[in-house]
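To start, the structure itself, in structure tokens.
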Amino acid sequence: MHGDPAADAVAALLDAGLPVVPVKEPKIPAWLDPAALPRPATSAGGLDDAAVRTLVKLLMLPEERPVPAEVRTACAGLPEFTRAIFEAWRAAGEPNGHAWVLVRLGELGDDGTVRFAAPLVREWIGARKHAKAGQMIEKVLARIGTDAALRELSRMTRRSFPGGAREDARLALVDAAGRRGLTDESLADRLVPDFGLAADGTLTLDYGPRRFVVGFDGQLKPYVTDEEGRRRKTLPKPGVKDDPELAPAAHRRFAALKKDARAAADDRIVALETAMVTGRRWTAGEFREFLVTHPLVGRLARRLVFTDGAGAFRVDEDGSFATVGYETHTLPAGASIGVAHPLHLDVPAWTHVFADCEILQPFPQLARPVAAPREDERDARRLARLEGGTTSFGAVLGLARRNWERAAPLHSGGEPGVFRRIGEKLHIAVELDPGIAAGAPGGSPEQRIRRVQVVTDLDAWWWDDADAEDPDAPRLGDLDPVLVSEVLIDLATLTPDR
């Protein structure tokens, strides 16, 4: 009904002084049937077949020619249109030579695109499609740039995510944060959704004749209470007496909340533990806004010990601050607040407080093991006592799940070891023999620890067969005691007898 007017509307837009086609008009690939795609619509109505084909060719133009703003404004349904093209490309086996599919998916995508695109990054990495995974991060998620997209990128920077994608996501976040004048960590703070929760961290779900309240425990696991305040195992399914519209919608919202809140909780728990290890600090205003009063993150903050330089304190249920002696703690002017590491705490005293208040921590803080270099190691840049020992491939993989990264393969295709960043261009590196074989990572279940050193030029170090220390690297005793403790505890898992 709207074919001709719609086609005329698109043609008018494309003829309005815009470079529609290059010297050679794009040829629609055989795997894509424009007639099977959902129809974007203009004010004149849905596009007909000719207009759809013209739109596809417009999307196939080189990346440096973005879709004109006039077309984006005039055509509704472009996110769904590009997702359908992407699905057709996947169904055809993801043929090479069609980078435009991902480019336009990101350029015209929305939060619906984010929800289906983000899981594909991990899927593609598992299938060893690293280049495509990197393009999904750079061309799609980073380009969409909404809070939902940036939240997904932030999650990809955490230690549980495969290494190569972590760095791609980190760079994309750094770029996004820079555009907003923030650090990537500060940006991640601002991206935690409140899920529509009330200030006390609860959500009321309306079934019509009955209502239920959803809350969260200290581990951010949801629980449900009825109108009498009785705890239920889960939210009941809608019944025949419930409102036929309100109840199913509330039940769906609860299902989505459980999934999304769990992902947010996992992300924030890792972020807070990382902040403790790296010594990250918040201003008083940031601390109150993003930790104390946030309806979800606040539940975590009440189960940790913080420090502001003047002393250690915890966040009480009412949002006030208390010392280890149960006295009120006032933040000093210009306070710089961080998650306290046990090296800087009276651990027995705080452990007694948390046991007395029946507070369970979201990650090991007070119960965290600590270590320090031996006296003869403080002036050294290497951990000679570990060198020559043997470890298992499984233990090495365990390090890769705790802030350690596997080295890039050498020309032989094997990964020579693992490393951990401890500063700007500074690393603790562990060289293994024979190393991790490409294509068969478990092929050498036993690994000998050849070298463990503090190094500055990591790439060169893997190729250097010399056992001499890096003269440009600081000594162990000059490094942050918290980072050294964390490294020593991690390395102890490789050779427990040393």
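What the table shows:
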| quantity | calculated |
| --- | --- |
| Odd one out for GLY298 among (1) outside any helix (DSSP H, G or I); (2) in contact (Cβ under 8 Å) with a residue 60 or more places away in the chain | (1) |
| When residues of segment 474-484 are limited to those that are touching a strand residue (DSSP E or B) at 6+ places or on another chain (Cβ under 8 Å) and under 22 Å from GLY388 (Cβ atoms), the one surrounded by the fewest Cβ atoms within 10 Å (Cβ to Cβ) | ARG475 |
| Unique residue being touching a strand residue (DSSP E or B) at 6+ places or on another chain (Cβ under 8 Å), basic (Lys, Arg) and free of Cβ contacts under 8 Å to residues at least 40 places away in the same chain when the list is ARG231, ARG210 | ARG231 |
| Failed criterion for THR495 (all others in (1) assigned to a loop (DSSP other than H, G, I, E, B); (2) open to solvent by 20 Å² or more (accessible area, probe 1.4 Å) hold) | (2) |
| Enumerated strands (runs of 3 or more DSSP E) restricted to segment 153-254, each holding at least 1 residues that are of a type outside the set (A, V, I, L, M), modelled with pLDDT of 90 or more and open to solvent by less than 10 Å² (accessible area, probe 1.4 Å) | 211-216 |
| Subset of segment 362-399 that is part of a loop (DSSP other than H, G, I, E, B) and buried (at least 18 other Cβ atoms within 10 Å of the Cβ) - its residue that is farthest from the chain's Cα centre (by Cα) | GLU387 |
| Test result for GLY215, at positive phi and over 21 Å from the mean Cα position of the chain (by Cα) | no |
| Hits in segment 133-143 (condition: closer than 21 Å to ASP189 by Cα and crowded, with 23+ Cβ neighbours inside 10 Å) | ILE137, LEU141 |
| Answer residue from segment 96-115, given it is touching a Leu at 6+ places or on another chain (Cβ under 8 Å) and assigned to a helix (DSSP H, G or I) and is surrounded by the fewest Cβ atoms within 10 Å (Cβ to Cβ) among those | TRP100 |
| Residues within segment 400-412 that are free of Cβ contacts under 8 Å to residues at least 60 places away in the same chain, open to solvent by 40 Å² or more (accessible area, probe 1.4 Å) and closer than 24 Å to GLY423 by Cβ, tallied | 1 |
| Hits in segment 429-473 - residues which are open to solvent by 50 Å² or more (accessible area, probe 1.4 Å), in contact with a Pro (Cβ under 6 Å, 6 or more places away or on another chain) and either under 12 Å from PHE393 (Cβ atoms) or not small (Gly, Ala, Ser) (or both) | none |
| PRO496 vs. criteria of a type outside the set (Phe, Trp, Tyr) and modelled with pLDDT under 90 | yes |
| Criterion violated by ARG281 - all others in (1) surrounded by fewer than 17 Cβ atoms within 10 Å (Cβ to Cβ); (2) of a type in the set (Lys, Arg); (3) within 18 Å of GLY215 (Cβ to Cβ) satisfied | (3) |
| Residue selected from segment 94-138 under the condition charged (D, E, K, R) and more than 17 Å from the chain's Cα centre (by Cα), by the criterion farthest from ARG170 (Cα to Cα) | GLU94 |
| Unmet criterion (only one of (1) of a type outside the set (Ser, Thr, Tyr); (2) in a helix (DSSP H, G or I); (3) open to solvent by 40 Å² or more (accessible area, probe 1.4 Å)) for GLY93 | (2) |
| Residue check for LEU397: among the aliphatic types (A, V, I, L, M) and over 30 Å from LYS221 (Cα atoms) | no |
| Total residues in segment 310-348, condition outside any loop (DSSP other than H, G, I, E, B), out of contact with any strand residue (DSSP E or B) (no Cβ under 8 Å at 6 or more places or on another chain) and open to solvent by 30 Å² or more (accessible area, probe 1.4 Å) | 3 |
| Where a residue in segment 57-85 is in contact (Cβ under 8 Å) with a residue 60 or more places away in the chain and over 17 Å from VAL140 (Cβ atoms) and its partner, wherever it lies, is open to solvent by 60 Å² or more (accessible area, probe 1.4 Å) and part of a loop (DSSP other than H, G, I, E, B), with Cβ under 9 Å and at least six apart | ALA74/SER43 |
| All positions within segment 247-261 that are within 22 Å of the chain's Cα centre (by Cα) and touching a residue at least 24 places away in the same chain (Cβ under 8 Å) | LEU257, LYS258, ASP260, ALA261 |
| Qualifying residue in segment 73-82 (condition: closer than 13 Å to PRO34 by Cα and either part of a helix (DSSP H, G or I) or open to solvent by 10 Å² or more (accessible area, probe 1.4 Å) (or both)) | yes |
| Test: residue in segment 123-132 that is modelled with pLDDT of 95 or more, part of a helix (DSSP H, G or I) and open to solvent by less than 10 Å² (accessible area, probe 1.4 Å) | no |
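The values are calculated or read from the model by the stated rules, or taken from the named source; none is laboratory data. Nothing here was measured: the structure is a model prediction, and the numbers come from that model. Cβ coordinates were reconstructed from backbone atoms using ideal geometry, including for glycine residues, and neighbour counts include every protein chain displayed. For the accessible areas, the whole protein counts, side chains as well, though only heavy atoms, and no ligand, DNA or RNA atoms are used. Shrake-Rupley method; radii C 1.70, N 1.55, O 1.52, S 1.80 Å.
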